[in-house]
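What follows is calculated from the coordinates using simple rules that are stated; it is not laboratory data. In this text the structure is predicted, and so the values were computed from the model without any measurement. All Cβ positions, glycine included, derive from the backbone under ideal geometry; neighbour counts span all protein chains shown.
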Amino acid sequence: MKAAIFREHSNDPTEVVKIEETDIPKINQNEVLIKVEASAYNYNDLWAIWGRPIKIPMPHISGTDISGTVVEVGDTVTSLKAGDRVVSHGNLSCRICNMCSSGREYDCEKRMVWGFQTGPLWGGYCQYTHLPEYNVIKIDDNVSFNDAAAISMVGMTSWHMLVNRAKIKPGQMVLIMGGTSGMGMIGIQIAKLYNCDVIATAGNPGKMEKCLDLGADIVVNHRESDWYKKVRELTNKQGVDVVFEHIGKSVFQKAVSLLKIGGTLVSTGATTGYDSEIDLRYLFFRGINLLGATQGPKDALEEVIYWTSKGRLKPLINTVLPFSEMVNGHVMMANGDLMGKIVTTPQKL
C-alpha cells in the first residue's frame, strides 16, 4: 500500500514526508482493517514533523482523523463487519482505569492520540490502517467520507467543550473565537443547535462572512485591537455566558475579561502561545469558571456524527488534495490563515 512516511524531523514538511510503499497492516483479534478513503489534517501533524513538543515513534505515519470502509475484522470484533462505512475515534485509552470506567477516557493516564503518538508506522495517512473496535464508529450512507473525516476530531472536541464541559443552555450568549477554524466552524453550529446566541470572531472580511453563513448572529474581527470592546458593546456591557477558546496568548486575557458574572471560558488549545496572563480579580469577583478540554469521549463523536447525518452539522472543507500531493496540506497548515479543514484522499493518487 501507499503511505505518507517520514523518518526524520524537519521544519519543512516537503523535505521529509514522502509517499512510500509499505505493507498492509495485520490486525489483532480486537481490531478492524480499514480501507482509508479520506484523511483530515490536524495541527499535531506539524508537531510530529517538527519533533516538538514531544518525541514520537519513527518511522512515522501521521493522521488522526480518517474515514473509510471496513475490509476485515478480528476474531473478537462483534459490532462491525466488512463493508461498514466508518470514522475513527482517535483517542486511544486503556479502557480499564478509573478515568476510563467513569467516562473520562480523555483523562486516562495512558491516553495516546492515534496518528500522533502511535507507531512506528501507525496512523491515517495511508491506504489501509487498523484500529481497535472501540475506536471505530459507523457512519450513515448520507455522510460523505470527506465530511466524516473533516468533522471527527474537531466535532468531538467542540461537543465536549460546549456540551459536556461548559454545559451550554438555550438563550445563552456564546463567544466563538476563530469561527472559521476547524474548531470554530463546528463550535458555531453546535451553539446554534442548542439555540444559543452566537458572537463569532474572524480575521478578515471573507472569514467574517463565512461565520455568518455557518450560523453566527454577529461577527467581529479579532485582528482589530479593540475587538473585545466591540464584543462588550454588543452585549450592552454585560459580557458573555460562555467563551469557546483555542487561540491562546494573543486573545486569552481579553477573552476572560468578557465573561459575565458566573460565566465560563473553556479552552482546548493555544496556537498563538501558552504563557498567557489573567487578571485574577475577574476570577474571584465575578466567580467565573475556567475550564480545559482535550479531545472528548466516544459518545461526543457519536452525537456529532448523528447530527451530521441529519444535516444540522457540516464541516467547512478548505481543500481536498490527491494523496500524491498530500504534503502540500502540511505546508498550508504551517503557513496558517486557513478557512476550514484540509482533507486528502489516499485511494486517489
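Remarks
- Acute angle (nearest 10 degrees) that the helix 145-159 long axis makes with the longest principal axis of the chain, alpha-carbon atoms: 40
- This ranking places W50, W159, W114, W122 by how few other beta-carbon atoms lie within 10 Å of each, fewest first, which gives W50, W122, W114, W159.
- The range 156-292: C-alpha gyration tensor shape, a/c 1.5 cut-off, then a/b vs b/c: rounded
- Cα-centred dipole magnitude for the range 141-294, charges only on beta-carbon of K, R (+1) and D, E (-1), debye, nearest 20: 460
- Here F285, F6, F244, F323 are placed in order of increasing Cβ neighbour count within 10 Å, fewest first, which gives F285, F323, F6, F244.
- ³J(HN,Hα), Karplus 6.51/-1.76/1.60, whole Hz, each residue of the range 215-230, x for Gly, Pro: x, 4, 7, 9, 9, 10, 8, 6, 8, 7, 4, 9, 4, 5, 5, 5
- Calculated [θ] (222 nm, deg cm²/dmol) that DSSP helices of n ≥ 4 give over the chain, each run adding -39,500 (n - 2.57): -8000 deg cm²/dmol
- Separation between Cα centres of the range 1-59 and the range 193-247, rounded to whole Å: 36
- On Cα atoms only, tilt of 182-193 relative to the major axis of the chain in degrees: 60
- Partners of K314 within straight-line reach, counting lysines whose Cα lies under 24 Å from its Cα and excluding those fewer than 8 residues away in the same chain: K35, K138, K167, K169, K192, K207, K210, K298, K341, K348.
- Beta bridges per DSSP, both residues in the chain: antiparallel share near 55 percent.
- For the range 205-283, the Kirkwood estimate of the hydrodynamic radius, built from every pair of different alpha carbons, is 13.3 Å.
- Here the Karplus relation 6.51 cos²θ - 1.76 cosθ + 1.60, evaluated at θ = phi - 60°, turns the backbone of the range 170-175 into coupling constants of x, x, 6, 9, 10, 9 Hz, with x for every Gly and Pro.
- Total formal charge among the other residues, if their Cβ is under 10 angstrom from that of I151, Lys/Arg +1 and Asp/Glu -1: 0
- Degrees, to the nearest 10: 205-214 long Cα axis against longest axis of the chain: 80
- For the chain, relative contact order (Cα pairs under 8 Å, six or more residues apart, normalised by length) works out to 18 percent.
- Spatial offset of the range 255-274 relative to the range 276-349 amounts to 17 Å, using the alpha carbon center of each.
- Inter-label distance, nm, simple model (7 Å from Cα along the C-beta direction), R286/T69: 5.2
- The range 76-163 - Rg (one decimal) and Dmax (whole number), Cα, Å: 13.7, 37
- Annotation: the residues M153, M326, sorted from fewest to most other C-beta atoms within 10 Å of their own C-beta, follow the order M326, M153.
- Highest-MSF residue in the chain out of G292, G63, G124 [GNM, Cα springs under 10 Å]: G292
- Cα-based Rg and Dmax for the chain, where Dmax is the largest Cα-Cα distance (Å): 20.0, 61
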